[in-house]
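Okay, structure first, notes after.
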Amino acid sequence: MTTQREITAEMGAARGAYEKRLADGGGVEHHPSRAYAPYRSSVLRHPHRPLVAVEGDPEAVELSGPVFGATDVTALDCDLTRQHTGEPLGERITVSGRLLDGRGRPVRRQLIEVWQANASGRYAHQRDDHPAPLDPNFTGVGRVLTGDDGGYAFTTVKPGAYPWRNHDNAWRPAHIHFSVFGEAFTQRLVTQMYFPGDPLFPYDPILQSVTDERARQRLVAVYDHELSAPEFSLGYRWDIVLDGPSATWIEEGR
């Protein structure tokens, strides 16, 4: 299996090639290549063919998809710590922010979904065989609708790091997956939020595939003491920008 030293060298080469393109007058890349060699599965999983345009009435496509209404989302959906009878293990946190367009305007009444590992770094999924304990009081999924100011908030526990099989001794930094829907279920964007100061950042090919430093930093939440609740939870703020030069990195075809 590929070693961490080899992966680090590959990430360094990709970073060097990006910096050379900038020096030669190339533009800033806000999204990583779909085939990023250090992230092994991206080479196998990304689309190889162009998108297919839907002919006829595009609204007809929505009629065959799931039906969604505001009453389907409850207050319990955004508190991942109250979805079971007992208290989940781990550090309770509140994650809050705003969903914005490229001009900084709020994107209202949009569905945001999250999923994450538990405090031990394990997902409640049958294919997760990481030998870390499952938490019977934590499933790790939630959803919320943005408010009139584009705001959202989740209460959850801080996820743990976990191993993955990209290369020898590969570990993912703590992160929460975000899925953002537009006005239809076909308009789905997926990204990840990370926590400040994680020592695994330099070793993670998924995060490092975002070659531009400023774009990569926009994936890291900021600790906000005003969001922390006394004797209850620590607060993190993370805004999601859908387009424009300050857009949040979106996973494409992964």
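The values are calculated or read from the model by the stated rules, or taken from the named source; none is laboratory data. Given the structure is predicted, the values throughout are model-derived calculations rather than measurements. A quick note on method: Cβ atoms are made from the backbone with ideal geometry, for glycine too, and the neighbour counts reach across all protein chains shown. Note: accessible area is taken over every heavy atom of the protein model, side chains too, but ligands, DNA and RNA are not part of it. Shrake-Rupley method; radii C 1.70, N 1.55, O 1.52, S 1.80 Å.
When 136, 202 are checked against the criterion of being in a helix (DSSP H, G or I) and not aliphatic (A, V, I, L, M), 202 stands alone in meeting it.
For the subset of region 165-176 comprising residues that are over 30 Å from residue 79 (Cβ atoms) and open to solvent by 20 Å² or more (accessible area, probe 1.4 Å), which member is nearest to the chain's Cα centre (by Cα)? Taking the candidates together, the pick is 165.
When residues in region 71-81 are screened for being at pLDDT 95 or above and assigned to a loop (DSSP other than H, G, I, E, B), 2 of them pass. Residue 65 falls short on exactly one of the conditions (1) part of a loop (DSSP other than H, G, I, E, B); (2) over 25 Å from residue 173 (Cβ atoms); (3) modelled with pLDDT of 85 or more; (4) open to solvent by less than 40 Å² (accessible area, probe 1.4 Å), and that condition is (3). Note on region 12-48: residues that are assigned to a helix (DSSP H, G or I) and more than 19 Å from residue 202 (Cβ to Cβ) amount to 8.
Scanning for something out of contact with any Gly (no Cβ under 7 Å at 6 or more places or on another chain), open to solvent by 30 Å² or more (accessible area, probe 1.4 Å) and not in a loop (DSSP other than H, G, I, E, B), does region 179-199 turn up at least one residue? Checked region 179-199: at least one residue is out of contact with any Gly (no Cβ under 7 Å at 6 or more places or on another chain), open to solvent by 30 Å² or more (accessible area, probe 1.4 Å) and not in a loop (DSSP other than H, G, I, E, B). Just checking, does region 206-227 include any residue being touching a residue at least 12 places away in the same chain (Cβ under 8 Å), of a type in the set (Lys, Arg) and part of a loop (DSSP other than H, G, I, E, B)? There is at least one residue in region 206-227 that is touching a residue at least 12 places away in the same chain (Cβ under 8 Å), of a type in the set (Lys, Arg) and part of a loop (DSSP other than H, G, I, E, B).
Residues checked against (1) buried (at least 18 other Cβ atoms within 10 Å of the Cβ); (2) farther than 27 Å from residue 205 by Cβ:
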| site | (1), (2) |
| --- | --- |
| 127 | no, no |
| 131 | no, no |
| 150 | yes, yes |
| 153 | no, yes |
| 156 | yes, no |
| 163 | no, no |
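Every residue in region 32-46 that is modelled with pLDDT under 85 and open to solvent by less than 70 Å² (accessible area, probe 1.4 Å), please. Listed by number, the residues that qualify are 32, 33, 35, 43, 46.
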